[in-house]
C-alpha cells in the first residue's frame, strides 16, 4: 500500500513527529487521514452507532496521548489495534456490570497485572492484526484494503480488480464476518 501521504505530501511519519511534539493540528491531520478506516473497522467490531462513535473518539484520543510511543512505520495498524483494544475493554466493562461484583482486592490485583502487561499486549495485538490481514486470500485482502482501509467504493474496487460490484460486496461481507468471528473467538 505504500507510505500514506496526503495532498500536501506529508507522510504519517511527519504527522507522528508533530503529534509527539503536541502540535494541536497534527491530531486533526491524523484524524482526517485515518478516521474513515478506523470508523469502518469499528463498525466491524460493534454494531451500535454509539459504540462506534465512542471507539473512534477514544482511538484518536489515545493517539493524542501516546503520540510519542507510536511506531512511525505503523500508524494505521496501531490505530486499528487501539480500536480493537478499546472495544475489548468496552465489552469487558459491560460484562463486569452484568457479573457479580468482585472484591476490591481482586480488582486491584488484576489492575496491577494489566499495567505490567500493557506494552507486551500492544505489540502482540499489532502482530495479531497484521497476521489476520495477511491470512485473507489475496483478492479478499486487496478488496479489504481498497474498500475498508482506503475508503474506495465497491464500484471503484470492482473496476480496479476486474470483479463485479456484487462480488466485491460479497468479499467484504465474508471478510467482515471472518474478522468478527476471530475477534469473538479471541475474546473467549
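Here, each number is a calculation from the coordinates, and none is a lab measurement. For clarity, every value in this text was computed on a predicted model and none was experimentally measured.
Quote to one decimal, in nm, the extra length available between residue 165 and residue 32 on full extension: 0.36 nm per residue of separation minus the C-alpha distance between them.
45.2 nm
Compute the length gained on full extension between residue 54 and residue 13: take 0.36 nm times their separation in residues and subtract their Cα-Cα distance, giving the result in nm to one decimal.
Full extension from residue 54 to residue 13 adds 12.2 nm.
Gap in Å between the Cα centre of segment 58-82 and the Cα centre of segment 129-168?
24
On a full-extension model of 0.36 nm per residue, what is the gain between residue 47 and residue 72, subtracting their alpha-carbon distance, rounded to one decimal in nm?
Roughly 5.9 nm would be gained on extension.
Can you bin segment 10-60 into rounded, prolate or oblate? Criterion: square roots of the alpha carbon gyration tensor eigenvalues sorted a ≥ b ≥ c, rounded for a/c under 1.5, prolate for a/b above b/c, oblate for the rest.
Since a/c reaches 1.5 and a/b is larger than b/c, the shape of segment 10-60 is classed as prolate.
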